Amino acid sequence: MSVREGNAWLYGDRIDTDLLAPGYAMKKGPAELARHTLEAVDPAFATSVQPGDMVVAGADFGIGSSREQAAISLKTLGVSAVIATSFARIFYRNAINIGLPAISFDPEGRISAGDRLRLDLAAGRLHNLTTSASFAVTPIPPHLMAMIEAGGLMAHLKQRFASTAATPPGSAS
Amino acid sequence: MPATLTEKILARASGRDAVSPGEMITVKVDLAMAHDSSGPRRWKARLEALGTGLWDPSRVVLVSDHYVPAVDAESAAILKLTREFARDYGVKNFYDMRGICHVMLAEHGHARPGLFIAGGDSHSTNAGAFGCYAAGFGATDMTAIVATGETWTVVPETVRVEISGALSQGVTAKDIMLALCRDLGMGNHFRAIEYGGEAVRALDMEQRTVLANMAAELGGETGIIEPDAVTLAHVRGHGGEVDEAALTLWRSDPDCTYAHTHHLDAGALEPQIAAPHSPANAAPVSVHAGIAIDQAYIGACVGAKLSDLHMAAAVLKGRTVSARTRLLVAPASAKVTEAAAKDGTLAILTEAGAVMLPSGCGACAGLGAGLLAEGEVCLSSTNRNFQGRMGHKDAQVYLGSPYAVAAGAVAGEITDPRPFLTANRKAA
């Protein structure tokens, strides 16, 4: 689904992976780990965020660890997209791989906490329904958008291995 | 066309003559590494769902270092799963509680010039000190890599960090990195960081890995150092094979294009301390001098190798840890512990009052022993001081070199380590 809508949860720069998925809870399962998402900066987030809501932040979002749970926890809680001035590379790849759109966009002066947002991925538009402002956002590259639409990297791999299995060994490909 | 070292490795790995920054490429992975937290426990169900195994078990390195030794049934189950996976999937390069994964690659000759190394940990950049492209990947990316032997990447621009001069006594590679985190920031995403210059060539391999390791704190995709005689000698001395041709093959061309070049004068650098909660909050030690510390921690891939323990011992010899502070030391590997026991370093540390902890990621990753209570202050030789990473969210973690941490342990507060070294030299 390329159109997502929800409320903005606004944070600052350098929301790191320890804030998103605290180390001490990393051995827990996804549902329990998700309950600790952002607790050090916003204890209300994990209990109050609604499906469709978007996390909006400043520079270097997801800096730190390679832990994919940083992205998985947001998705588990129903977050439909992350919008940030810039993303750490591993977080960006992780988010796309699990089908969580990560949009590079500077929210300064354009999005306030609690604003109602509508993100149209296909059109590359972000609408702030609260202020009636509309912005062009840098689109996700086509090969990554295809991966998100396919359901993430695992779905893509399943297709690849299914087609490999259908090819008899030794036959020309 | 002139190319950077990173571009040359990516060209080889993608089977092309040349690549340019911004190009999307598919590469063949030479070595895949993961640990007990990021590896088998996240791969197993996915590989089963795909109905496949590992593309080449001989190119996979597994390390148990995060949940070691087990502190409860949950961590024990993770370690058990990791062992069973290594056995069932035929992974011979399995280092079970022998030390931290990045140190294992260096200690066993796995990291070699020209390789493309994918690691299931953000500090996988560590291996770039050996002249390879080494980057961190999350668990789904790593699953794809160990299933297919391939991944995609966008060719990064390279930032050259040129470090001239010579470090003065008591100033280390760690101080270089804390200063760079401040000066270059943590936003160098999707960029390669290449370190060079006379101060880099003067470092041994352990200290060069500090530069590559903390490229992660700069936000860098990889940290890389052109190989020289020191690199080749280390690889060969640790069971790895490397051809002399690596010295000419794996270099940046003199007229290659860098995104920009950052110059640092090592001779002018003072010991640095990074304040909570970011490595970028670095400042000369005098700025933070006098801050009382509850815990001094020497540990992690970046800060507890043999040379790091030697630095701590140089400060602690003949001294004792302050009554208001505790000093915890978690050597980076079993080999480090063994060598430190043989050469007398461990005795100096323990006579000073240090408490020895198991080799592993431990408190640096918020696991194991040595976590902090609300309001406690720690001075640590690790690479990250993010809020809540080392225990309570309202604990305060400062970062420094092993010299600075040892000096802090003796003084009970943050202090300049250099006078301790001068005094010990006079006494000797």
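Scanning the stretch B:25-51 for residues that are among the small types (Gly, Ala, Ser) and within 29 Å of residue B:362 (Cβ to Cβ), which turns out farthest from the other protein chains (Cβ to nearest Cβ)?
First, the residues of the stretch B:25-51 that are among the small types (Gly, Ala, Ser): B:32, B:34, B:37-39, B:45, B:49, B:51.
From the residues that got through so far, the ones that are within 29 Å of residue B:362 (Cβ to Cβ) too are B:32, B:34, B:37-39, B:45.
Working: B:32: 13, B:34: 9, B:37: 6, B:38: 6, B:39: 11, B:45: 10 Å.
Only one residue tops the list, namely B:32.
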> When the residues of the stretch A:66-91 are filtered to those that are more than 11 Å from every other protein chain (Cβ to nearest Cβ) and among the hydroxyl-bearing types (Ser, Thr, Tyr), which remaining residue is nearest to the chain's Cα centre (by Cα)?
Replying inline: A:80
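On the given criteria, is residue B:54 in contact with a strand residue (DSSP E or B) (Cβ under 6 Å, 6 or more places away or on another chain), assigned to a loop (DSSP other than H, G, I, E, B) and either surrounded by fewer than 24 Cβ atoms within 10 Å (Cβ to Cβ) or modelled with pLDDT of 95 or more (or both)? Don't jump to the end; show me each part of the working.
On the way: in contact with a strand residue (DSSP E or B) (Cβ under 6 Å, 6 or more places away or on another chain): yes; assigned to a loop (DSSP other than H, G, I, E, B): yes; either surrounded by fewer than 24 Cβ atoms within 10 Å (Cβ to Cβ) or modelled with pLDDT of 95 or more (or both): yes.
Taking the combined requirement at face value, the residue satisfies it.
Kindly indicate which of B:46, B:42, B:59, B:87 is among the charged types (D, E, K, R) and without any contact (Cβ under 8 Å) to a residue 24 or more places away in the chain.
Working: B:46 fails: without any contact (Cβ under 8 Å) to a residue 24 or more places away in the chain; B:42 fails: without any contact (Cβ under 8 Å) to a residue 24 or more places away in the chain; B:59 fails: without any contact (Cβ under 8 Å) to a residue 24 or more places away in the chain.
Being among the charged types (D, E, K, R) and without any contact (Cβ under 8 Å) to a residue 24 or more places away in the chain holds for just one of B:46, B:42, B:59, B:87, which is B:87.
Among the strands (runs of 3 or more DSSP E) lying completely within the stretch A:58-173, list those that include at least 2 residues that are surrounded by 15 or more Cβ atoms within 10 Å (Cβ to Cβ). If you could, list the steps in order and put the result at the bottom.
On the way: elements: A:81-84, A:102-104, A:116-120, A:125-128, A:133-136.
Per the criteria, A:81-84, A:102-104, A:116-120, A:125-128.
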>> Within the stretch B:374-396, take every residue that is out of contact with any helix residue (DSSP H, G or I) (no Cβ under 8 Å at 6 or more places or on another chain) and assigned to a loop (DSSP other than H, G, I, E, B) and give me the one that is nearest to the other protein chains (Cβ to nearest Cβ).
In response: B:393
> Looking only at helices (runs of 4 or more DSSP H) that fall completely inside the stretch B:61-155, which ones have 1 or more residues that are surrounded by fewer than 24 Cβ atoms within 10 Å (Cβ to Cβ) and touching a Leu at 6+ places or on another chain (Cβ under 9 Å)?
Replying inline: B:73-88, B:139-148
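Given the criterion outside the structural domain of residue B:388 (by TED's automatic domain parsing), under 18 Å from residue B:177 (Cβ atoms) and either out of contact with any helix residue (DSSP H, G or I) (no Cβ under 9 Å at 6 or more places or on another chain) or not in a strand (DSSP E or B) (or both), identify the matching residue among B:261, B:257.
Details: B:257 fails: under 18 Å from residue B:177 (Cβ atoms).
The unique qualifying residue is B:261.
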> On the given criteria, is residue B:22 farther than 27 Å from residue B:242 by Cβ and within 14 Å of another protein chain (Cβ to nearest Cβ)?
Replying inline: yes
>> Quick check on my filter: what residues within the stretch B:156-193 are away from chain A (no Cβ under 14 Å), crowded, with 21+ Cβ neighbours inside 10 Å and assigned to a loop (DSSP other than H, G, I, E, B)?
In response: B:170, B:171, B:172
> Say we look at the stretch B:197-210 and pick out the residues that are buried (at least 21 other Cβ atoms within 10 Å of the Cβ) and within 28 Å of residue B:20 (Cβ to Cβ); which of these is farthest from the chain's Cα centre (by Cα)?
Replying inline: B:200
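The values are calculated or read from the model by the stated rules, or taken from the named source; none is laboratory data. Quantities reported herein were computed from a predicted structural model and do not represent experimental measurements. Positions of Cβ are generated from backbone atoms using ideal geometry, with glycine treated the same way; all protein chains shown enter the neighbour counts.
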